[in-house]
Ligand code: CMP
């Protein structure tokens, strides 16, 4: 069942020089990069992208972080890609994410956790429409 997922390689990954490492893991897995753009999130896009989180206490520092510099926005496609990518990135908190996952190997933070990926087919559609309206 081929699907698409919206993936963000976050500003911490770009700053730390981990863009290639993260992208390479997705490529080696066999996922297809359908779109790839270096972008800087502005406040309006952050509020839309994180619509489910805007009222949460962790949102203001999350927004500050996500708008702090360039990130890579990707559309990845492949068989069961939504679940596959979420398994590859690991749980939200880098301190708890399993070794071998991207967050488990490279993040010690609950916020600066290197990657975002759509969590369901509905959010993938919503997020792809938001970041890549022509795709
Ligand atoms: P992401 O997959 O982009 O979705 C929401 C983001 O909010 C999450 O990754 C983290 O960057 C951040 N986040 C989630 N929970 C917390 C938390 N408890 N404290 C700080 N940041 C969080």
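Only the coordinates and a few stated rules stand behind these numbers; no lab work does. Predicted model, so just to flag it, every value in this text is computed and none were measured. Neighbour counts are summed over all protein chains in view; Cβ atoms, including those assigned to glycine, are modelled from backbone coordinates with ideal geometry.
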Exercise for the section: Take every DSSP beta bridge with both residues inside the chain and express the antiparallel ones as a percent of the total, to the nearest 5. Expected result: 95 percent
Practice task
Could you rank the peptides 19-30, 3-14 by their average count of other C-beta atoms within 10 Å per residue, with the highest value first?
Solution key: 3-14, 19-30
Fill in the blank from the handout: Semi-axes a, b, c in Å (a largest) for region 2-131, each sqrt of 5 times a Cα gyration tensor eigenvalue, come to 20, 18, 14
Completion exercise
With only helices counted (DSSP H, runs n ≥ 4, each -39500 (n - 2.57)), the per-residue ellipticity at 222 nm for the chain, to the nearest 500, works out to -11000 deg cm²/dmol
Exercise for the section: Would you work out if region 55-112 is rounded, prolate or oblate? Take a ≥ b ≥ c from the square roots of the eigenvalues of the alpha-carbon gyration tensor; rounded if a/c is under 1.5, else prolate when a/b is larger than b/c, oblate otherwise. Expected result: oblate
